[in-house]
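What follows is a short report on a single structure.
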Amino acid sequence: MLGVALELRKISKQFGQVLANHKVDLKVHVGSIHAIIGENGAGKSTAMKILCGFYHQDSGEIIVKEKKVRWPSPKEALASGIGMVYQHFMLAGTHTVFENIVLGTIDYPWSLIQKKEARLKIEKLSKYYGLALDLDVNVEKLSVGEQQRVEILKLLFRDTDILILDEPTAVLSPIEIESFFGQLRNLKNEGKTILLITHKLKEVKAIADKATIFRDGKTVAEITPADFSIEAMAELMVGRKLVGISDNRNNREEEKSSEVIISLPDFKVHAGEIVGIAGVEGNGQRTIIDQTLKLRTADSGMLPEKRLEEALMLGASLYENFLLTKWRQFSWWLSPKIIMPYVKEVLSRFDIRPLNANLIAKNFSGGNQQKFVVGRELWSLSRDLTKDNFKGPKFLLACQPTRGVDINAMEFIHQRILEQRDRGHGVLLVSSELDELLRLADRILVLYRGKIVKEFKRSEFNETKIGLAMAGGSSS
Amino acid sequence: MKNKFLISVLWSFLFTLSSFAFALQAATNSAAKVPIRVGLILDKGGKDDKSFNSAAYLGATLAEKELGIQLKYIEATDDAAIETMMRSFAQKKYDLVIGIGFAMTDAVKKVSPLFPEVKFALIDAEVPGANVTSLLFEEHQGSYLVGALAAMNSKNKKVGFLGGMDVPLIHRFQMGYEAGAKSIDPKIAVIINYVGVDSSAWNNPAKAKELSLTQYRSGVDVIFGAAGASNNGLFDAVEETKKLAIGVDSNQNWVKPGLVLTSMLKRVDVAVLEVIKETNSGKFKAGTVRFGLKDKGIDYAVDQYNSKFFTAETSKKMEKIKQDIIAGKIKVPDYYKK
Amino acid sequence: MKKILLPLFSTFISLLMGLLLGSVIAAFADENPLHILQIIWNSGLGSKYDLGTTLYYANALALTGYSVAVAFHAGLFNIGAEGQLNMATLMVAIVGLTFPSVSPFLGIIISFSVAMMAGALWAGIAGLLKAYRGGHEVISTIMLNIIASALASWLITLPVLRNTENQNPETRQLSLSYFVRGADPLVKFFMDSPTSSSILIIFLLAILLWAFLFRTRTGFAIRATGQNEVAAELAGLNPKLMKVIAMLIAGACAGLVAIGEVNGHTGKFLLGFSPEFGFMGIAVALLARNQPLAIPPAAFLFAILHKGAGDLDIETKNITRDLAVVIQAVVVLSISISPWLEEKILAFMVNHKWGAKE
């Protein structure tokens, strides 16, 4: 290992009442891949944004290349060689790759000489680091993986030697992830330092030299992932022993019920079955979701992909958010006296804090919001004598149900989905996380370019084969 | 606990406020009361329209200087508020309330019987009442005169008329103007436009300018603007095209020296000054007063800004027409008696 | 308790800031600020007649306030209350002149239905354009305002409508079947001021609109549309229809200005009778934070300021009516910082263990 590329010493940052970072320590060596792991809200992003000059720390110091620094803005950080690729790319879709890369760096846009120099430099870089790209294609025509390459080239073109990547694999298929890791290794071998913000521990183990674990705004450990099991890392992240979920299937093939819950043009969902839809995002998931929404009955629930945009009214109270999907179950006169107890029931049953249905949704943390949406969707007024309102809807559509939630919430949601199945209800699970599908689904349908190209029964589940099908390859 | 705190803060605030207010009221009430008090309610154009309302304001301020009366004026920016303002003046026991413009008719009609001790004067409309004097002008006579002058100065034999609001009062201007122009040249073309139909037409120079430019481009070389503050649009247009314009109500010759042929004077200032004078000396007379050429309530303006248009010959011609109208030799058509 | 008291308090602070800045300006203009406040106070509430006039303004401001607020709950910015109320008033006058000899009872029913329908229709056009063609409601309502006033300007010149008794741009007087002011006890009580019993509508509407928006399914659907259209659609609500319904209700509210004007005040349509009530309604809705129950007091407050403005001209040397407009503007501006203010107060209360019981 070479010298220290950068160091954070006792960085603290407070937002209003929230202590986002508390005495964060971080040491990253030159030419290493350093993973930053932690649950949502653990302070990873805040620390990285302080490093990039987006925020300023309240106390503590940043040391880059053995010098104490404090950036006025991200521009100065970039000039000193620190750049970040955000989870949502910042590219101008209607411009070419070349234009996107040089954007803002050329002083005289009309100077052909400068353009030629820039072009040569980019071509050299892309060859050197194995980042093949056609420079004259409009960015919007590129795949997500290629767009990511543009973002990385953008940083390299600006002579960045410390690259921060925020959840870079969230949008990639398993195959693409492999080649992306190849590129990262290339960069590392050429002496670049890479900080990888992620929550996928398997990937940390596969590629990172070192990992710093964040929990509750503090750095709790710096580890060498090679020496740790995934479970051990997860427990460090969560701060307690994980119970895991209970699944009474044990991978044996079960008798399929013949009762059809919902019948889509290309497939059916039966009672007591979780049908998983696998595929890289944008391969026809939207069509299936839309078809499902058209066919759903009153007794169905939905966990949309983007809970903030599609399942919640952030400016409205939880009481009103409860009504959003449950209004059909009440008369036209919406009396809080009748409805409020049910909302409270959801809040207490799903341990949503603070336990106050009058607070607006925006005031709840991401995990609590997600739990609320799940609780709401699983709630339906019981019409029988058991008075159990949580038997869940006959059909549940779950799209990326655990995206962006912490491990605790993830296990909780997985357990609820399995419960639905065990009750004899049907679940359609659309997910880009293969692990999730493998864990929950009874069958997996693989989408590629808008079509279902392959179906796997639980007994046939195989990560490699499914991954191959997702990339359009056929396995025999 | 905290509710009580808030409420007590609120109460103490209100108490201080009201006690100050009462103290002040006492102070204002004891103020000495010597000269008569005059309330002037201007039309939507406002006192800076350089025309109708400016004339009224000028008359009132003149009275303020000469007689030492107490003057307050308000601009009616809201039709619904006219009556309220008039009542406000009356309730405060103003001696004389003057309403400028026919838009005040309903308000005078309604308020004057309720306050018999207050005198009301109304310009441009008639309201009966023992405490109301209606001040009317023979606008058609003056319009006839400037119409004749316009025709004398038109090379293209095409003159224009730009009315403010499309109401009988302005049709009276228009009819006199047309007759005057035709008396010089029976074949002359008179182009007519109105700025609008509601009271905002008195104060819409932008539209007035558009209309004037269109007229000038079509070959019109003199435009008579009878449009209150909208006349400013006409003057902008005349400056751009270097043609001729005729002002209205006040003497507007100075606005664009050399480009304003003359102004048809409607001496609202004289009327206002007169009625204030009469009231001040306790000689207020109810009823209708008509101002015309004879008493110089209506006239045309000649001064250093437009003297170049008034050659000896022209002056003689104009004076002759004027005398003929006064003598009744020329019968000017009146829209009101149509 | 905290839920109601806190916004009330921060609104009070905004109000105070408006008055404070107004006072500072007054002081600079060499006038005693307290004197100014006293003038406004006396002018707005000084006598039965003054109070009546204030109520007349408050009536129109509350109705346009409702109009803006209801549309706002559906996520729409209704700039068109002005056009809606003009259309409604014109239509009531036209219908009234067309069927002059009906019973007063029928006359009132006709007036109400025509006023609400005309306003709703005019707003509904903008609603339909927004929901089904994506035309931005701000643009379309502004255009509809202009069309309404142009249409009124033209119709008013027609000999069948035009009042020939005076030179005002107005329609002829409606028959006593419609113009029921003479029989109105409230008119007598307020010494023949412009107000009438139509003021009672706004109190009824406050309760009706509150119940509709916060207690019924359709009201909820409208608010959900305003909060998050995508989520509302996914939840099986019909956001497009809700936008249209919201605009229809908004237009009907603005249209009711016609009742106070035609049936209760003048008995005719006078072109330009509204000193832009529609736009002042936006400020009222802002001050009331779109809560129907808070709109009548907010409207009353703005009415006092509007009414008091004229007397500033009369009573002071250097201050004009514009000061009242400045105060109104500062109040509205201060409202925009009130969420921040509330957060600060809340944090302060938490830190000092206030309101721990809640």
- Task: Determine the distance separating the Cα centre of the stretch C:52-80 from the Cα centre of the stretch C:195-222; give it in Å without decimals.
- Result: 12
- Message: Only four residue types carry charge here, +1 at the Cβ of Lys and Arg and -1 at the Cβ of Asp and Glu. Report the dipole size of the stretch B:176-225 about the Cα centre in Debye, rounded to the nearest 20.
- Response: 80
- Task: Normalise the Debye intensity by I(0) for the protein assembly as shown, one equal point scatterer per Cα, no solvent, then take log10 at q = 0.06, 0.08 Å⁻¹ and round to two decimals.
- Result: -0.71, -1.01
- Message: List the residue ranges in chain C for DSSP H helices whose C-alpha atoms run 27 angstrom or more along the long axis and whose Kyte-Doolittle average is -1.0 or above.
- Response: C:2-28, C:48-73, C:104-133, C:295-315
- Item | Hull-based mean projected area of the stretch A:4-238, where the convex hull spans the alpha carbons, in square nanometres | 13.0
- Task: Post the alpha-carbon centroid distance, the stretch B:213-261 to the stretch A:155-210, in whole angstrom.
- Result: 76
- Accessible-area value, A:Ile175, 1.4 Å probe, nucleic acids and ligands omitted, Å²: 80
- Query: In peptide C:317-324, what is the residue-averaged number of other protein chain Cβ atoms found within 10 Å of each Cβ?
  - Reply: 1
- So which DSSP H runs in chain A come out at 15 Å plus along the axis (Cα) with average Kyte-Doolittle of at least -1.0? A:112-128, A:144-157, A:174-189, A:285-295, A:336-349, A:366-378, A:407-422
- Item | Span from the the stretch A:384-451 Cα centroid across to the the stretch C:136-163 one, whole angstrom | 58
- Item | Protein accessible area in the protein assembly as shown, 1.4 Å probe - carbon and sulfur % | 59
- Message: Show me you know the interface measure: the accessible area buried between C and B, both chains summed, probe 1.4 Å, in Å² to the nearest 100.
- Response: 3500
- Within the stretch C:56-114, report the chymotrypsin sites (Phe, Trp or Tyr not before Pro) that DSSP leaves as loop and that have at most 15 other Cβ atoms within 10 Å. C:Phe77
- Item | Packing rank of A:202-208, A:335-341, where each peptide gets the mean count of other beta carbons within 10 Å, highest leading | A:202-208, A:335-341
- Per residue accessible area in Å² of the protein assembly as shown, where ligands, DNA and RNA are left out and the probe is 1.4 Å: 43
- Task: Report, for chain B, the % of DSSP beta bridges that are antiparallel, rounded to 5.
- Result: 5
- Helical contribution to [θ] at 222 nm, DSSP H n ≥ 4, -39,500 (n - 2.57), averaged over chain C, rounded to 500: -23000 deg cm²/dmol
- Message: Based on the alpha-carbon set only, what is the convex hull volume of chain C divided per residue, in Å³?
- Response: 162
- Item | Among B:Leu234, B:Leu114, B:Leu145, residue whose mean-square fluctuation peaks in a GNM of chain B (springs only between Cα atoms under 10 Å) | B:Leu114
- Tell me the Kirkwood hydrodynamic radius of chain A in angstroms, computed as one over the mean inverse distance between distinct C-alpha pairs. 24.5
- So which trypsin sites (Lys or Arg not before Pro) in the stretch C:169-222 pass both tests, a DSSP loop state and at most 10 other Cβ atoms within 10 Å of the Cβ? none
- Message: For chain C, set up a GNM with springs between Cα atoms under 10 Å and report which of C:Ala29, C:Ala309, C:Ala88 has the largest fluctuation.
- Response: C:Ala29
- Message: Helix-only mean residue ellipticity at 222 nm, chain A, DSSP H runs n ≥ 4 weighted -39,500 (n - 2.57), per residue, nearest 500. What is it?
- Response: -10500 deg cm²/dmol
- Just from the alpha-carbon atoms, what are the Rg and Dmax of the stretch C:1-156 in angstroms? 20.6, 58
- Note on the structure: Low-density loop chymotrypsin sites (Phe, Trp or Tyr not before Pro), the stretch A:317-407, at most 13 other Cβ within 10 Å, DSSP non-H/G/I/E/B, are A:Trp332
- Message: What does DSSP give for the protein assembly as shown in terms of the percent of beta bridges that are antiparallel, rounded to the nearest 5?
- Response: 30
- For the stretch A:4-238, what proportion of DSSP beta bridges, expressed in % and rounded to the nearest 5, is antiparallel? 55
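The values are calculated or read from the model by the stated rules, or taken from the named source; none is laboratory data. Computed from a predicted structure; not experimentally measured. All Cβ positions, even for glycine, are placed from backbone atoms using ideal geometry, and neighbour counts span all protein chains on display. Keep in mind that these areas ignore ligands, DNA and RNA; they rest on the heavy atoms of the full protein, side chains included. Shrake-Rupley method; radii C 1.70, N 1.55, O 1.52, S 1.80 Å.
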